[in-house]
Amino acid sequence: MKTIVIIGATSALAQSIAKIHAAEQHRLLLVGRNEPRLDLIAQDLSVRGAKQCEVYCLDLADTDKHGPLWEHVYQKFPKPDIVYIAHGVLPDQQVCQGSYQQTLASLQVNALSVISLLTELANRMETDKHGQIVVISSVAGDRGRKSNYVYGTAKATISTFLQGLRNRLYDSNVSVTTVKPGFIDTPMTADFEKGALWATPDQVASDIVKGVGKNRNVIYTPPIWFFIMAIIKAIPELLFKRLSL
Amino acid sequence: MASQFSSWGRYPQLEQRGIYLNWADEGLPENGESLLPFGMGRSYGDSCLNTDGLVLATSHMNRFLSFDETNGILKCEAGVTLAEIIDLALPRGWFPPVTPGTKYVTLGGAIANDVHGKNHHKDGTFGHHVSRFELLQSSGERIICSEQDNAELFYATIGGLGLTGLITWAEIRLKPVESAFMDVETIRFDNLQAFKTLSDESSSSHLYTVAWVDCQATGEKMGRGLFMRANHATDPANSKDKFEPASAKKLNVPFVFPQGVLNTFTIKNFNRLYYGKQLQHFSKSRDHYDKYFYPLDAITNWNRIYGPRGFFQYQFLVPHEDYAAIEEALGIIAKSGAGSFLAVLKEFGDIPSVGMLSFPRPGVCLALDFPNQGESTLALLQQLDDLVVAAKGAVYPAKDARMAPEAFAAYFPRAGEFSKYVDPRFSSNFWRRVQGNSQ
Ligand SMILES: Cc1cc2nc3c(=O)[nH]c(=O)nc-3n(C[C@H](O)[C@H](O)[C@H](O)COP(=O)(O)OP(=O)(O)OC[C@H]3O[C@@H](n4cnc5c(N)ncnc54)[C@H](O)[C@@H]3O)c2cc1C
Ligand SMILES: NC(=O)c1ccc[n+]([C@@H]2O[C@H](COP(=O)([O-])OP(=O)(O)OC[C@H]3O[C@@H](n4cnc5c(N)ncnc54)[C@H](OP(=O)(O)O)[C@@H]3O)[C@@H](O)[C@H]2O)c1
């Protein structure tokens with residue numbers, strides 16, 4: 001039996017991940033900002049088989065609250081086996097272009113709050129010499145595009161941060177997994193037209209849990225995104241800057 | 001271009017707008033548009049469509065809320081499917097109390113059509129196994145309904161075609177089973193009289209009974225078919241695998257087929273059974289529940305096999321004593337040559353349905369598909385409607401895309417009483433049509 005902490009647990013993707021772990025009868029701690037919804041998810045996971053399911057509520061953008069969060073987590077689950085970080089927002093690119101404040105607010109949630117969480121978590125896991133860190137980044141961080149580069153900047157920031165962290169924690173037996181999903185049909189993307197490349201949260205979650213089981217460093221999911229991004233990254237900047245992607 | 005919200009018969013093909021509800025606490029959209037809940041779209045016609053407004057898709061509202069494993073009482077959100085319920089509950093010894101011929105229906109959809117299964121003669125309809133649910137109405141009110149509380153709204157909502165509001169969660173009583181397997185007997189019969197005898201003699205010995213009838217047979221052979229009766233296996237041979245899960249492997253029909261392919265497929269299958277192993281008249285097998293209850297689910301999107309114009313399903317029942325009406329209908333269908341090769345025939349039991357608009361009632365029920373060939377198909381179905389009205393029978397709204405207001409009124413005598421419970425903001429294409437309000 002494992003102890004698993006899921007931060008951003010009300011996300012559709014996080015719920016799908018949690019369902020898989022619940023069926024494996026692990027212990028779960030769910031972290032998010034909406035208590036009634038966290039409770040609802042906890043009920044679901046308990047029915048599905050979770051050995052124990054606790055919730056903790058805070059606004060993750062408020063980094064001052066991260067210390068008490070880890071305090072609580074480590075008190076409940078002294079040596080967590082896996083910690084997922086999944087929260088995020090998709091800012092309106094147009095709005096951000098007109099407002100540094102909006103850009104900052106989205107970077108605060110998508111990048112800085114994640115860095116803050118990881119700073120303390122990494123130190124604790126390094127001391128324990130135990131644990132697995134899994135963070136949901138995005139293919140959007142692989143190359144900046146005019147349609148969503150503010151979001152992409154945050155994801156690129158955490159992907160790079162995680163690379164360094166993986167390198168640092170290697171000697172401490174702590175594994176770090178960067179997840180780069182493509183398009184997922186979730187509330188975040190409710191208003192988008194859906195086409196053939198779109199995946200369900202359940203599909204993506206299954207890829208993630210399998211990859212985490214193999215201590216993978218980077219998971220592109222669905223796997224086709226590895227190839228798509230290889231091509232996108234290979235396009236020379238001279239040409240890329242003229243494209244509308 | 002079919003929209004992402006379409007009904008199973010792919011007729012009528014209309015552009016349907018909709019939104020996904022992710023949380024029961026979200027409330028309903030407040031823009032004043034007309035609303036209709038939408039589950040898995042496994043209804044064939046237009047009862048799950050509302051092109052004057054929005055559909056509210058519930059499939060993301062699929063959380064389990066509690067499960068009393070000792071008594072088999074399960075509470076979950078309305079978007080949970082029977083497939084998800086089986087995956088969860090079967091390993092713990094429980095099965096849906098009533099199941100339609102596909103497991104890809106939601107709990108909300110199963111209640112709103114008060115669905116029936118092959119165990120109708122013993123267990124009644126789905127509504128008999130619902131203890132309570134929460135109904136969210138456009139006023140913002142959340143009403144807990146059960147036989148004790150708000151009973152009228154409870155009976156209006158069971159079989160209420162999604163018109164009374166949105167069911168957010170429901171609590172149902174599951175059926176205890178000892179394995180994932182079914183003991184099935186298949187028996188050949190030569191005419192409807194023989195079918196009736198088999199139905200009568202099996203009704204106490206077997207929990208599940210149903211038959212396939214050859215719809216192209218005429219004269220002497222009319223009404224010939226295969227009778228299938230089954231019980232849940234109680235002595236699973238291998239206790240380790242007794243709750244073996246369904247295989248996840250599915251075939252898919254990735255595109256819309258030219259018409260005519262399906263008949264060739266079913267004819268072959270039927271003849272193989274009827275003339276092949278069935279020569280012995282009687283055969284026994286032990287089948288996995290997935291194969292027994294859900295053979296069509298093995299082919300994802302099998303409805304596309306009927307081609308771009310879609311198809312109708314026609315399901316009707318007539319009172320027990322009126323086998324003459326079934327015979328007459330079979331005659332009309334065989335003569336037209338327009339129906340599917342096989343029809344499903346089932347003798348319903350006498351347990352009264354609880355819903356004001358529930359379709360099941362004492363009688364004998366026939367269901368078959370008709371590829372859409374335009375006017376001629378519509379005329380044929382009208383001819384069948386005339387027959388069913390005269391026989392004081394009923395046609396199943398979940399499978400309907402064309403019945404006239406007069407026919408609806410004849411089939412559902414409690415419709416007037418029901419309409420008092422319709423939420424003013426909820427409507428459907430079906431409802432407007434049978435009320436005579438569609439353009
Ligand atoms: C292969 C196949 C076999 C079938 N066999 C049978 C059978 O044997 N017996 C039988 O009875 N039926 C059968 N059906 C029909 C099917 O069981 C019903 O149409 C069922 O209601 C579909 O459920 P759904 O979740 O897809 O709902 P939908 O088709 O999406 O909606 C059905 C109705 O339920 C309402 N609804 C959905 N969710 C809610 C909610 N949360 N609150 C309020 N109203 C709601 C909708 O507004 C609509 O009126 C079969 C269908 C197929 C495709
Ligand atoms: N959907 C995609 O196509 C896609 C693609 C690549 C990567 N991703 C990433 O996948 C992750 C999961 O997103 P999703 O697609 O599952 O979308 P989602 O369902 O909208 O989930 C986003 C979650 O983040 C939470 N959140 C946002 N700000 C928060 C804050 N300040 N404090 C606490 N929680 C906060 C939200 O909580 P509330 O419910 O309380 O609002 C919500 O549960 C995100 O990191 C996203 O960037 C998504």
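Can you report the number of residues in region B:41-57 which are within 14 Å of another protein chain (Cβ to nearest Cβ) and within 28 Å of residue A:38 (Cα to Cα)? Talk me through it step by step, then tell me what you get.
First, the residues of region B:41-57 that are within 14 Å of another protein chain (Cβ to nearest Cβ): B:54, B:56-57.
Add one more test, that the residue is within 28 Å of residue A:38 (Cα to Cα), and what stays is B:56-57.
The qualifying residues number 2.
Which one is modelled with the highest pLDDT, of the residues in region B:58-68 that are within 8 Å of chain A (Cβ to nearest Cβ) and part of a loop (DSSP other than H, G, I, E, B)? Let's see the steps before the verdict.
From region B:58-68, those within 8 Å of chain A (Cβ to nearest Cβ) are B:60, B:63-67; that's our starting set.
Within this subset, residues satisfying the condition of being part of a loop (DSSP other than H, G, I, E, B) are B:60, B:63.
Details: B:60: 95, B:63: 98.
The residue in question is B:63.
Filter region B:305-323 for residues that are farther than 12 Å from residue B:377 by Cβ and small (Gly, Ala, Ser) and give the result. If you could, list the steps in order and put the result at the bottom.
Applying the first criterion (farther than 12 Å from residue B:377 by Cβ) to region B:305-323 yields B:305, B:307-308, B:315-323.
The answer is B:307, and nothing else.
Can you report the number of residues in region A:26-36 which are within 12 Å of another protein chain (Cβ to nearest Cβ) and either surrounded by 21 or more Cβ atoms within 10 Å (Cβ to Cβ) or over 18 Å from residue B:168 (Cα atoms) (or both)? Let's see the steps before the verdict.
Step one: filter region A:26-36 for residues within 12 Å of another protein chain (Cβ to nearest Cβ), giving A:34-36.
Restricting the remaining residues to those that are either surrounded by 21 or more Cβ atoms within 10 Å (Cβ to Cβ) or over 18 Å from residue B:168 (Cα atoms) (or both) gives A:34-35.
Of the residues in that region, 2 qualify.
For (1) away from every other protein chain (no Cβ under 11 Å); (2) under 18 Å from residue A:136 (Cα atoms); (3) touching a Pro at 6+ places or on another chain (Cβ under 9 Å); (4) in a helix (DSSP H, G or I), each residue gets a yes or a no:
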position: A:4; (1), (2), (3), (4): yes, yes, yes, no
position: A:20; (1), (2), (3), (4): yes, yes, no, yes
position: A:46; (1), (2), (3), (4): no, no, no, yes
position: A:55; (1), (2), (3), (4): yes, no, no, no
position: A:60; (1), (2), (3), (4): yes, yes, no, no
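Closer than 23 Å to residue A:41 by Cα, away from ligand 2 (no atom under 16 Å from the Cβ) and surrounded by fewer than 24 Cβ atoms within 10 Å (Cβ to Cβ), is that true of residue B:152? It would help to see each step written out before you state the result.
Values: closer than 23 Å to residue A:41 by Cα: no; away from ligand 2 (no atom under 16 Å from the Cβ): yes; surrounded by fewer than 24 Cβ atoms within 10 Å (Cβ to Cβ): yes.
No.
Go through the residues of region A:99-107 one by one and say whether even a single one is at pLDDT 95 or above, closer than 27 Å to residue A:43 by Cα and within 16 Å of the chain's Cα centre (by Cα).
We begin by selecting, within region A:99-107, every residue at pLDDT 95 or above; these are A:99-107.
Next cut, closer than 27 Å to residue A:43 by Cα only: none.
So far as region A:99-107 goes, no, none of its residues is at pLDDT 95 or above, closer than 27 Å to residue A:43 by Cα and within 16 Å of the chain's Cα centre (by Cα).
Would you check if there is a residue in region B:85-94 being free of Cβ contacts under 8 Å to residues at least 40 places away in the same chain, within 14 Å of another protein chain (Cβ to nearest Cβ), touching an Asp or Glu at 6+ places or on another chain (Cβ under 6 Å) and within 30 Å of residue B:250 (Cβ to Cβ)? If you could, list the steps in order and put the result at the bottom.
Filtering region B:85-94 down to residues free of Cβ contacts under 8 Å to residues at least 40 places away in the same chain leaves B:88, B:92.
Still in the list and also within 14 Å of another protein chain (Cβ to nearest Cβ): B:88, B:92.
Checking which are touching an Asp or Glu at 6+ places or on another chain (Cβ under 6 Å) leaves us with B:92.
Narrowing the set further to residues that are within 30 Å of residue B:250 (Cβ to Cβ) leaves B:92.
Yes, there is a match, as at least one residue in region B:85-94 is free of Cβ contacts under 8 Å to residues at least 40 places away in the same chain, within 14 Å of another protein chain (Cβ to nearest Cβ), touching an Asp or Glu at 6+ places or on another chain (Cβ under 6 Å) and within 30 Å of residue B:250 (Cβ to Cβ).
Given the criterion surrounded by fewer than 22 Cβ atoms within 10 Å (Cβ to Cβ) and of a type outside the set (S, T, N, Q), identify the matching residue among B:46, B:25. Lay out the reasoning, then the answer.
On the way: B:46 fails: surrounded by fewer than 22 Cβ atoms within 10 Å (Cβ to Cβ).
Going through B:46, B:25 in turn, the sole match is B:25.
Are any residues in region A:22-44 among the hydrophobic types (A, V, I, L, M, F, W, C), within 12 Å of ligand 2 (Cβ to nearest atom) and assigned to a strand (DSSP E or B), and if so, which ones?
Residues of region A:22-44 that are among the hydrophobic types (A, V, I, L, M, F, W, C), as a first pass: A:22-23, A:28-31, A:38, A:40-42.
Of the ones still in play, those that are also within 12 Å of ligand 2 (Cβ to nearest atom) are A:30-31, A:38, A:40-41.
Across region A:22-44, the qualifying residues are A:30, A:31.
Select, from B:27, B:108, B:32, B:72, the only residue that is small (Gly, Ala, Ser) and either near ligand 1 (Cβ under 9 Å from one of its atoms) or in contact with a helix residue (DSSP H, G or I) (Cβ under 7 Å, 6 or more places away or on another chain) (or both). Give the derivation first.
Values: B:27 fails: either near ligand 1 (Cβ under 9 Å from one of its atoms) or in contact with a helix residue (DSSP H, G or I) (Cβ under 7 Å, 6 or more places away or on another chain) (or both); B:32 fails: either near ligand 1 (Cβ under 9 Å from one of its atoms) or in contact with a helix residue (DSSP H, G or I) (Cβ under 7 Å, 6 or more places away or on another chain) (or both); B:72 fails: either near ligand 1 (Cβ under 9 Å from one of its atoms) or in contact with a helix residue (DSSP H, G or I) (Cβ under 7 Å, 6 or more places away or on another chain) (or both).
None of the other options fit; the residue is B:108.
Going residue by residue through region A:178-185, is there one that turns out to be within 14 Å of chain B (Cβ to nearest Cβ) and either closer than 28 Å to residue B:4 by Cβ or modelled with pLDDT of 95 or more (or both)?
Keep residues of region A:178-185 that are within 14 Å of chain B (Cβ to nearest Cβ), which gives A:184-185.
Then drop every residue that is not either closer than 28 Å to residue B:4 by Cβ or modelled with pLDDT of 95 or more (or both), which leaves A:184-185.
Within region A:178-185, one or more residues are within 14 Å of chain B (Cβ to nearest Cβ) and either closer than 28 Å to residue B:4 by Cβ or modelled with pLDDT of 95 or more (or both).
Output the number of the condition that residue B:71 fails; it satisfies all remaining conditions of (1) within 22 Å of residue B:161 (Cβ to Cβ); (2) assigned to a loop (DSSP other than H, G, I, E, B).
The number of the failed condition is (1).
Given the structure, is residue B:78 within 14 Å of chain A (Cβ to nearest Cβ), of a type in the set (A, V, I, L, M), over 28 Å from residue B:347 (Cα atoms) and within 8 Å of ligand 1 (Cβ to nearest atom)?
On the way: within 14 Å of chain A (Cβ to nearest Cβ): yes; of a type in the set (A, V, I, L, M): yes; over 28 Å from residue B:347 (Cα atoms): yes; within 8 Å of ligand 1 (Cβ to nearest atom): yes.
The answer is yes for residue B:78.
If I filter region B:1-36 down to residues being over 20 Å from the mean Cα position of the chain (by Cα), in contact (Cβ under 8 Å) with a residue 40 or more places away in the chain and not in a loop (DSSP other than H, G, I, E, B), which single residue comes out as farthest from the other protein chains (Cβ to nearest Cβ)?
Of everything passing the filter in region B:1-36, B:35 is farthest from the other protein chains (Cβ to nearest Cβ).
The values are calculated or read from the model by the stated rules, or taken from the named source; none is laboratory data. Keep in mind it's a predicted model, so treat the numbers as computed, not measured. FYI the Cβ positions are ideal-geometry reconstructions off the backbone, even for glycines, and counts take in every protein chain you see.
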